1. Distances over 14 Å make up what percent of all Cα-Cα pairs in region 5-79?
2. How far, in nm, would the chain grow between residue 40 and residue 69 when pulled straight, counting 0.36 nm per residue and subtracting the alpha carbon separation?
3. What is the order of 26, 7, fewest Cβ neighbours within 10 Å to most?
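We did not get these values from a lab; they are worked out from the coordinates using the rules stated. All values derive from a computational prediction rather than experimental measurement. Reconstructed Cβ throughout: ideal geometry from the backbone, glycine too, with neighbour counts over all protein chains shown.
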């Protein structure tokens, strides 16, 4: 199993079976602002995912890509 990735506060953690062999750098404005590098896995390669209650999603209009973000951080920013 590859190392576990997490959000900054540690509430959301993801584990995959191995490191990616390649990543894709998207040049759209949203991916550039997030600093996204995409890695592609099959369902069988994902060892653990966070509970849906820990994340919030954002999709621009009717686009097919949802950005999953840490819900605890978002809630603190809204209260802040």
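1. Details: 1931 of 2775 pairs.
Summing the P(r) tail past 14 Å for region 5-79 gives 70 percent.
2. Values: separation 29, 0.36 × 29 = 10.44 nm, distance 1.79 nm.
The span from residue 40 to residue 69 would gain 8.7 nm if fully extended.
3. Details: 26 13, 7 18.
Listing 26, 7 from fewest to most nearby Cβ atoms yields 26, 7.
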